[in-house]
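Take this structure, written in structure tokens, and hold onto it; I'll ask about it next.
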Amino acid sequence: MSTLTVLYAILFYIAAAVLVVGLVRKIVQYARTPAPLKIPTTPAPTTKTGVGLRLVREVVFFESLFKGNKWIWIFGWIFHFGLLLVTLRHLRYFIEPVWLPIQLVQPFGIYGGIAMVVGLVGLWARRVLVDRVHYITGPSDRLLLALLILIGLSGLGMTYVIHVDVVSIKLFFRGLITFDFSPLPADPLLLLHLLLVAALMIVFPFSKLLHAPGLFFSPSRNQVDDPRERRHLAAWAKRLESDP
């Protein structure tokens, strides 16, 4: 194996470990954080089934964002839908044989990459052109947007500008899973793309991008609106009441 292959193999093992451990740690922290107050955003569902449907609408349609700001919703939804298509398209590098649904999504995944970049540029423009948003925008916000845009542009560059050996790329990533390492092509644009992806994996558990799993632990979204029918007690409060 070349030194380049070894370095990138180590990089992705580290990035995957940081991503998984960081996500698990944060999710456990979210789950253990007490919610002493009943604070669902009204109008809120009065049943657990309704809460589940509300979360589905939030995840799929960004319901609250749609009600709050239509322009942000448009660009945010375009980005996330494009990201979903791109993610599904990239699954072909990790599975063999490639499942039929993943085969069918391949042509749309290319357009998903374009949609992803368009949505990100719109979100970037919002942070620059809208004064009240520009005022609260920090360096980390700009760096995350820049990182995502560069990932999208470098991926599109390998599709429309400089074609790379996708078979060798698949063999490399399949080798990481089975510990049967294969050489990684030394294309500069590919190496840049993979480096950026690894950087995203590492920073993800420590960034604002954690709103993805955090949504499911938000008391304003996951609570049933039944304060009159049932007294709400946090777990620590229940323990205090049960103590003699």
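For every helix of n ≥ 4 consecutive DSSP H residues, a contribution of -39,500 (n - 2.57) applies; sum these over the chain, divide by its total residues, and give [θ] at 222 nm rounded to the nearest 500 deg cm²/dmol.
Only helices count here, giving -23000 deg cm²/dmol.
Would you mind getting the accessible area per residue of the chain, heavy atoms of the protein chains only, 1.4 Å probe, in Å²?
Value for the chain: 62 Å² per residue.
By accessible area of protein heavy atoms, probe 1.4 Å, what ranking do Val105, Val60 get, highest first?
Val60, Val105
For the chain, the longest stretch holding no trypsin sites (Lys or Arg not before Pro) located in a DSSP loop with at most 12 other Cβ atoms within 10 Å is which?
The reported range is 1-227.
Still on this structure: Working out 0.36 nm times the residue gap between Lys67 and Tyr93, then minus their Cα-Cα distance, what length gain in nm do you get to one decimal?
On the way: separation 26, 0.36 × 26 = 9.36 nm, distance 3.80 nm.
Once the chain is fully extended between Lys67 and Tyr93, it gains 5.6 nm.
If you don't mind, another one. Using the beta-carbon distance between Asp131 and Leu209 and R0 = 22 Å, what value does 1/(1 + (r/R0)^6) give for FRET efficiency, to the nearest 0.05?
0.35
Just to confirm the number: angle between the C-alpha axis of helix 70-90 and the first principal axis of the chain, 0 to 90 degrees, nearest 10?
Once rounded, the angle reads 50 degrees.
Remind me, relative contact order of the chain in percent, using alpha carbon pairs under 8 angstrom and six or more residues apart? Write down the numbers at each step before the final one.
Working: 230 pairs, mean separation 85.8, N = 244.
Relative CO of the chain lands at 35 percent.
Pull out a ≥ b ≥ c, the square roots of the eigenvalues of the alpha-carbon gyration tensor of region 131-205, then state rounded if a/c is under 1.5, prolate if not and a/b is larger than b/c, and oblate in the remaining case.
oblate
Now a separate question. I need the per residue convex hull volume for region 5-48, using only the alpha carbons, in cubic angstrom as a whole number.
Taking only Cα atoms, region 5-48 has a hull volume of 114 Å³ per residue.
While we're on this one: Treat each spin label as a single point 7 Å out from the Cα along the C-beta direction, and report the Thr42 to Ile74 distance in nm.
Rounded to a tenth, the inter-label distance reads 3.3 nm.
The values are calculated or read from the model by the stated rules, or taken from the named source; none is laboratory data. Small disclaimer: the values here were computed from a predicted structure and weren't measured. Neighbour counts are summed over all protein chains in view; Cβ atoms, including those assigned to glycine, are modelled from backbone coordinates with ideal geometry. Side chains included, ligands, DNA and RNA excluded: accessible areas come from the protein's heavy atoms. Shrake-Rupley method; radii C 1.70, N 1.55, O 1.52, S 1.80 Å.
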